[in-house]
Amino acid sequence: MDEHEKDTKNSEAEKGKAEETEKEEGEEPGLRQVLLPSDVHSISQFFILVLGNSAWQHLGLVPNPKTQKIEKDLEQAKIAIDIISFLFEKIRGKLGKEEESEIRNLLANLQVNFVQQSRKEEGKEEQVSEK
């Protein structure tokens with residue numbers, strides 16, 4: 001048996017154990033493996049995706065998946081965007097070109113939309129104060 005076959009068998013055995021544990025704990029099989037990346041760079045990328053989704057929701061551009069309602073909170077959106085920027089700076093040189101480009105585009109789109117949403121809010125405040 002070569003090393004690849006051993007790794008595959010070990011991986012399958014570990015996956016089976018994880019699925020049994022998840023079933024005992026009432027979780028869906030494979031959920032733990034999706035939520036627990038193995039290295040810091042993968043964890044950082046995972047957090048960037050989660051924070052990106054949160055930022056879109058707090059910008060009021062995507063409904064909250066639990067409530068299906070638009071919940072706009074620009075302060076929360078700004079915090080999420082700032083954390084994405086921080087994480088990206090920490091892992092930038094350790095990503096592939098495609099991954100780096102995707103995160104850079106996500107960050108740029110979030111920042112542009114944050115400015116647009118902030119200006120809309122400022123316009124609403126000016127209209128209210130004029131009345």
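The values are calculated or read from the model by the stated rules, or taken from the named source; none is laboratory data. From a predicted model like this one, the values you see are computed outputs, not experimental measurements. Here the Cβ is made from the backbone with ideal geometry for all residues, glycine too, and neighbour counts use every protein chain on show.
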Close pairs (8 angstrom Cβ cut-off, 6 or more residues apart or separate chains): in the same structural domain as Leu106 (by TED's automatic domain parsing) and of a type in the set (S, T, N, Q) in the range 63-79, surrounded by 10 or more Cβ atoms within 10 Å (Cβ to Cβ) and not in a helix (DSSP H, G or I) anywhere: Asn64/Ile70; Asn64/Glu71
Kindly indicate whether Ser118 is closer than 22 Å to Phe46 by Cα and either touching a residue at least 12 places away in the same chain (Cβ under 8 Å) or in contact with a Lys or Arg (Cβ under 8 Å, 6 or more places away or on another chain) (or both). no
So, in the range 51-80, of the ones that are β-branched (Val, Ile, Thr) and touching a helix residue (DSSP H, G or I) at 6+ places or on another chain (Cβ under 9 Å), which residue ends up farthest from Ile91 (Cα to Cα)? Ile70
Residue satisfying all of: in the range 42-74; hydroxyl-bearing (Ser, Thr, Tyr) and within 16 Å of the chain's Cα centre (by Cα); nearest to Arg119 (Cα to Cα) among these: Ser54
The lone exception for Ala77 - which of (1) surrounded by fewer than 17 Cβ atoms within 10 Å (Cβ to Cβ); (2) in a helix (DSSP H, G or I); (3) under 15 Å from the mean Cα position of the chain (by Cα) it fails: (1)
Could you identify the single residue in Ser101, Ser38 that is assigned to a loop (DSSP other than H, G, I, E, B), small (Gly, Ala, Ser) and either within 30 Å of Glu121 (Cβ to Cβ) or out of contact with any Ser or Thr (no Cβ under 8 Å at 6 or more places or on another chain) (or both)? Ser38
